[in-house]
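Structure first, then comments.
A short reminder: the numbers here are calculations on the coordinates, not readings from a lab. As the structure is a prediction and not an experimental result, all values here were calculated from the model. In this analysis, Cβ positions are derived from the backbone assuming ideal geometry, glycine residues included, and neighbour counts consider all displayed protein chains.
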Amino acid sequence: MSLYSESEDFVEPIHAESFFSVAASGEIHERLCFEYIDIEGYYRQVLQDEGRLEEEIRKLATNMQFFLDEERVEINGERVKSIVRYVDIFLKGVSNVVAVVYLIDFAGVMRPGGNIIQTWLEEEVAPYDFEIIWRFPSGTQIVEIDSKLTFEIHGDFVVLWAVEGDEVGGYESMEFLIPESRLDTRTGRSREVAK
């Protein structure tokens with residue numbers, strides 16, 4: 001089975017976005033979405049043929065897993081493995097834009113108080129605009145961000161982005177303090193965690 005996806009000949013990547021949800025348990029869930037211009041209708045054809053769709057999904061998942069395996073990610077100094085759990089292809093309304101969505105999991109051990117997530121990525125020039133949102137447990141204090149990306153901190157959210165042509169990748173880190181209390185949406189208040 002080839003890792004090459006036919007789609008590379010027919011679609012052009014134009015945008016990406018990613019959302020990370022960080023749990024106090026150490027589980028991190030990512031939704032990664034790439035958008036493509038599909039002038040030839042390649043993905044519309046693939047979506048109409050169950051066999052071709054299954055093969056395309058398999059190739060996309062295998063390719064993404066290969067790239068994830070090349071990255072180095074550590075949580076509190078311990079290397080963790082990112083795993084592709086789900087891939088799907090969506091048409092974006094009545095247009096030539098399609099989206100390929102990946103759900104990716106990784107996990108480590110979070111400590112009470114201070115934690116750090118570090119990544120080492122290949123340095124490159126951004127081929128298109130992209131945005132990343134990290135959602136930490138309610139009440140988390142973001143201590144420091146080290147990234148080539150432009151970023152803003154909004155309480156326990158971190159929003160990072162790059163535009164086409166920006167230098168991206170290399171070493172990145174996020175230091176943060178996880179609170180002892182947890183959000184309880186039944187009451188709208190935080191509550192202490194039982195120990």
In region 149-171, the residues that are over 18 Å from Phe19 (Cα atoms) and surrounded by 13 or more Cβ atoms within 10 Å (Cβ to Cβ): Asp166, Gly170, Tyr171
Among residues of region 26-48, those that are touching a Ser or Thr at 6+ places or on another chain (Cβ under 8 Å) and in a strand (DSSP E or B), counted: 7
Strands (runs of 3 or more DSSP E) completely within region 61-113 that count 2 or more residues being exposed (fewer than 12 other Cβ atoms within 10 Å of the Cβ): 78-80
Lone qualifier among Val143, Val168 - being β-branched (Val, Ile, Thr), assigned to a strand (DSSP E or B) and under 18 Å from the mean Cα position of the chain (by Cα): Val168
Index of the failed condition, Arg79 passing every other in (1) in contact (Cβ under 8 Å) with a residue 24 or more places away in the chain; (2) within 20 Å of Glu122 (Cα to Cα): (1)
Filter result (among the hydroxyl-bearing types (Ser, Thr, Tyr) and either closer than 19 Å to Tyr86 by Cβ or in contact with a Lys or Arg (Cβ under 8 Å, 6 or more places away or on another chain) (or both)) within region 28-56: Tyr36, Tyr43
The listed residue being touching a helix residue (DSSP H, G or I) at 6+ places or on another chain (Cβ under 9 Å), within 30 Å of Ser181 (Cα to Cα), in contact (Cβ under 8 Å) with a residue 24 or more places away in the chain and among the aliphatic types (A, V, I, L, M), out of Leu60, Leu53, Leu47, Leu32: Leu32
Neighbours by Cβ (under 7 Å, 6+ apart or cross-chain): first from region 128-154, free of Cβ contacts under 8 Å to residues at least 12 places away in the same chain and more than 20 Å from Asp184 (Cα to Cα); second of a type in the set (A, V, I, L, M) and buried (at least 18 other Cβ atoms within 10 Å of the Cβ): Phe151/Val158; Phe151/Leu160; Ile153/Ile142
Given (1) in a loop (DSSP other than H, G, I, E, B); (2) surrounded by fewer than 17 Cβ atoms within 10 Å (Cβ to Cβ), index of the condition Pro137 fails: (2)
Ile116 being under 30 Å from Glu180 (Cβ atoms) and either over 16 Å from the mean Cα position of the chain (by Cα) or loosely packed, with under 13 Cβ neighbours inside 10 Å (or both): yes
